[in-house]
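Read the structure below first, then the notes.
The values are calculated or read from the model by the stated rules, or taken from the named source; none is laboratory data. Since this is a predicted model, take the numbers as computed values, not measurements. Backbone-built Cβ (ideal geometry, glycine too); neighbour counts: all protein chains shown. Surface accessibility is based on the protein's heavy atoms, side chains included, excluding ligands, DNA and RNA. Shrake-Rupley method; radii C 1.70, N 1.55, O 1.52, S 1.80 Å.
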Amino acid sequence: MTERLTQEQLTQIVGEVERLAQRQQNEVDRQQVEQILQELNLPLELLDEAILQVKRREVLATQQRRRRRLTIGMVAALIITIAAGAFWSHQSQQRLANVSAQQGRITLAQNPGGSLTTVTRPAEVAYYVTLQNAPIGKKLGLSCNWTALGDQLMHQNRYQTQEITTSVWNTRCKHTIDSAAPAGTWTVRMFLGDRPISETTFEVK
């Protein structure tokens with residue numbers, strides 16, 4: 001049965017035959033090479049060594065091209081990786097920069113439903129803050145500084161939130177103000193990383 005070819009296969013076969021014919025025309029056999037060397041008055045005994053050297057250079061050139069392509073590929077992959085990392089880092093920083101907070105409130109830890117402006121010692125108090133534009137699927141590193149009498153640091157909380165599931169997210173930090181703590185105006189500040197996002201003052205008696 002005669003094999004039938006598609007038009008695309010026929011076109012490819014014609015092109016391949018033309019390529020092979022052109023290659024055959026460009027090739028020179030050993031006898032022709034020897035004749036050329038004699039015309040140039042060059043020693044025939046060096047022909048085999050010359051052919052070997054030419055083939056070695058061709059192999060070396062092929063290896064160099066492969067190494068060059070491999071190096072270019074590795075460099076390109078490294079650039080893509082760095083660019084992707086920088087993009088991800090920028091996106092992450094941008095999302096953190098968008099996080100803000102509503103005004104926080106001071107409550108007793110045992111009674112979180114209220115809002116206090118004055119606390120009587122001793123007491124365990126909590127600072128509740130509602131975050132806006134919280135990054136869903138992430139955990140935030142937060143801290144709270146409790147200061148008294150201006151800038152006297154009395155306590156510091158550092159903690160990580162649970163994985164955030166909504167863009168509006170409630171969080172809190174706590175501190176126990178004992179009987180020996182100074183009376184007067186206190187301030188609690190909440191930080192996201194190094195950036196303050198909420199601040200509230202209250203009186204301690």
* Candidate lysines for bridging to residue 139, where Cα separation is under 24 Å - those fewer than 8 sequence places away on the same chain excluded -> 174
* Could you give log10 I(q)/I(0) at q = 0.16, 0.24, 0.25 Å⁻¹ for region 63-156, computed by the Debye formula over C-alpha point scatterers of equal weight, without solvent? => -0.87, -1.23, -1.27
* Cleavage-rule hits, trypsin sites (Lys or Arg not before Pro), region 1-83, DSSP coil, Cβ neighbours within 10 Å at most 12 -> 4
* For region 1-74, which GluC sites (Glu not before Pro) are both in a DSSP coil and crowded by at most 13 other Cβ atoms within 10 Å? -> 3, 27
* Structure fact -> So for the chain, using the alpha carbon gyration tensor with a ≥ b ≥ c as root eigenvalues (a/c under 1.5 gives rounded; past that, a/b versus b/c decides prolate or oblate), I'd call it prolate
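By its C-alpha gyration tensor, with a ≥ b ≥ c as the square roots of the eigenvalues, how is region 1-78 shaped: rounded for a/c under 1.5, else prolate for a/b larger than b/c, else oblate? Kindly include the intermediate steps, with their values, before the conclusion.
Details: a/c = 3.87, a/b = 1.18, b/c = 3.28.
The shape class here is oblate.
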* Using modelled amide H (1.01 Å from N, peptide plane; none on Pro or chain starts), what sits under 5 Å from the amide H of residue 109, excluding residues fewer than 5 places away? -> 124, 125, 126
* Structure fact -> Length gained if residue 8 through residue 118 is fully extended, taking 0.36 nm per residue and subtracting the Cα-Cα distance, is 30.8 nm
* ³J(HN,Hα) computed for each position of region 125-137 - Karplus, 6.51 cos²θ - 1.76 cosθ + 1.60, integer Hz, glycine/proline x -> 10, 10, 10, 9, 9, 9, 8, 10, 6, 5, x, 5, x
* Structure fact -> From the Cα centre of region 31-78 to that of region 101-179, the distance in Å is 75 Å
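FRET efficiency for residue 156 and residue 77, Cβ-Cβ distance as r, R0 = 45 Å, nearest 0.05? If you can, show how the numbers build up before the last one.
On the way: r = 44 Å, r/R0 = 0.97.
For residue 156 and residue 77, the calculated efficiency is 0.55.
If you count only protein heavy atoms with a 1.4 Å probe, what accessible area per residue comes out for the chain, rounded to a whole Å²?
Numbers: 14790 Å² over 205 residues.
Accessible area per residue: 72 Å².
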* Structure fact -> Of the accessible area of the chain, computed with a 1.4 Å probe and all protein chains kept, carbon and sulfur make up a percent value of 53 percent
